[in-house]
Amino acid sequence: MTQTSRITSDVNRAVEVLNHGGIIGLPTETVYGLAALAEDRDAVTRVFTTKGRPTTHPLIVHLGTEVNVHDWGFFDANAQLLADTYWPGPLTLLVPRTARVPDWVTGGRDTVAIRIPSHPMTQELLNKVGTGVVAPSANRFGKVSPTTAQHVANDLGDDVDLILDGGSCEVGVESTIVECINGDVRILRPGKIGIADILHVVTVSTTPDSEESRAPGMLASHYAPHAEVRLFDSLDIATTTVSELQIQGLRAYLLHHANMDEYAATMYSELRDADSHGIQIVCAVLPPDEGVGVAIRDRLQKAAYR
Ligand code: TXA
Ligand code: MG
């Protein structure tokens, strides 16, 4: 099968591949996922090996709006409020798991990450399969997440059975992860749903986290392109630096958007393009530390870490 014939917009075909133990590229509103049925151990194992991801980094279970989330996790009042407010959407809730959730999804942990994505094609798919679908971002471990079907094809090629093409991801950065356990709420990964959005609905705990890392996989270096990424607070200084580097004969690129939603939506794609054009240094301007800007800063800091 050629790479192009692997890309399809036929949801039923994607459902069939999943039901027969396959793994697929799946569009969501955040980034593309590498999907398998959560209860299919062999398929989930293939997701880990294809990504090159350690099996100790647990996966998010994606559910359709017609699937009963309570079969998968125990929701306290905070989790329920957040779910009612922001699902379907770019929010992942980390909650105590039920017996239904297999160990190979959570790495044996007693919690499970659950998300109901809003992308219409994926909603249709999830409701048709009627069970949990794991989907880490569809990139090789440690690399920039994909935001188009072509990115998935470029990264994973023949290793994926099918790629469902749902266009460019609207949000562009991974979902906000919020842990809700025994009345405590903690934001573990920033995303499109910002701190203010969470505080609007629930109270967030300020006591420090006892465990070193509750969400393994959030390493300092992550989301890294080949190009060196330098961070700037000032657009003027970043612009000047790009010019100076170019005068020195270096291939430099300015990464910046005044509109933060646009910045989030295009950031990963621009980092990929920078690599494919042989850019040596990306000068990225940090957006304000609010709303989705917190997530953009987080991902840029990880891309810049060496
Ligand atoms: O937007 C997203 O969330 C995308 C799309 C495809 O849905 N998915 C995604 O998955 O970003 P992934 O696997 O790249 O990131 C999931 C994060 C990891 O850092 C993982 O360690 C954490 O969630 N996680 C998942 N289950 C967990 C659990 N039971 N306990 C702690 N952390 C967990
Ligand atoms: Mg990822």
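The values are calculated or read from the model by the stated rules, or taken from the named source; none is laboratory data. Only a predicted model underlies this, so the values are computations on that prediction, with no experimental measurement involved. Heads up, the Cβs are rebuilt from the backbone with ideal geometry, glycines too, and the neighbour counts pull from every protein chain shown. Please note that ligands, DNA and RNA were not included when accessible areas were found on the heavy atoms of the full protein model with its side chains. Shrake-Rupley method; radii C 1.70, N 1.55, O 1.52, S 1.80 Å.
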Just check the stretch 1-153 against the gyration tensor rule for me: Cα atoms, a ≥ b ≥ c as the square roots of the eigenvalues, rounded for a/c under 1.5, and otherwise prolate or oblate depending on whether a/b exceeds b/c. prolate
In the Gaussian network model of the chain, springs joining C-alpha atoms below 10 Å, which of GLY249, GLY22, GLY172 carries the largest mean-square fluctuation? GLY249
Could you tell me which of rounded, prolate or oblate describes the stretch 80-166, using a ≥ b ≥ c as the square roots of the eigenvalues of the alpha-carbon gyration tensor, with rounded for a/c under 1.5 and, failing that, prolate when a/b is larger than b/c and oblate otherwise? prolate
Which order do the peptides 257-265, 139-147 come out in when sorted by mean C-beta neighbours inside 10 angstrom, highest first? 139-147, 257-265
How large is the accessible surface of SER276 in square angstrom, using a 1.4 angstrom probe and rounding to the nearest 10? 90 Å²
Charge dipole (debye, nearest 20) of the chain; +1 at Cβ of Lys and Arg, -1 at Cβ of Asp and Glu: 600 debye
Could you give the dipole magnitude of the stretch 31-95 about its Cα centre, charging the beta-carbon of Lys and Arg +1 and that of Asp and Glu -1, in debye to the nearest 20? 400 debye
Excluding same-chain residues fewer than 8 positions from LYS302, which aspartates and glutamates have a Cα within less than 14 Å of its Cα? GLU174, GLU228
Charged-residue dipole, Cβ positions (Lys, Arg, Asp, Glu), the stretch 237-306 about Cα centre, Debye nearest 20: 300 debye
How much accessible area does LYS128 have with a 1.4 Å probe, in Å² rounded to the nearest 10? 100 Å²
Can you give the local net charge around GLY108? Use residues other than it whose beta-carbon is closer than 14 angstrom to its beta-carbon, Lys and Arg +1, Asp and Glu -1. +1
For the chain, with all protein chains present and a 1.4 Å probe, just round the carbon and sulfur fraction of the accessible area to a whole percent. 50 percent
Between THR55, LEU26, PRO146, whose Cα lies farthest towards the positive end of the dipole of the chain when Lys and Arg beta carbons carry +1 and Asp and Glu beta carbons carry -1, centred on the Cα centre? THR55
Using the heavy atoms of the protein chains alone and a 1.4 angstrom probe, what is the accessible area of the stretch 214-306 per residue in square angstrom? 48 Å²
Cα gyration tensor shape for the chain, rounded if a/c is under 1.5, else prolate or oblate: oblate
Set Lys and Arg Cβ to +1 and Asp and Glu Cβ to -1, take the dipole of the chain about its Cα centre, and tell me which of ILE7, VAL202, VAL67 lies farthest positive. ILE7
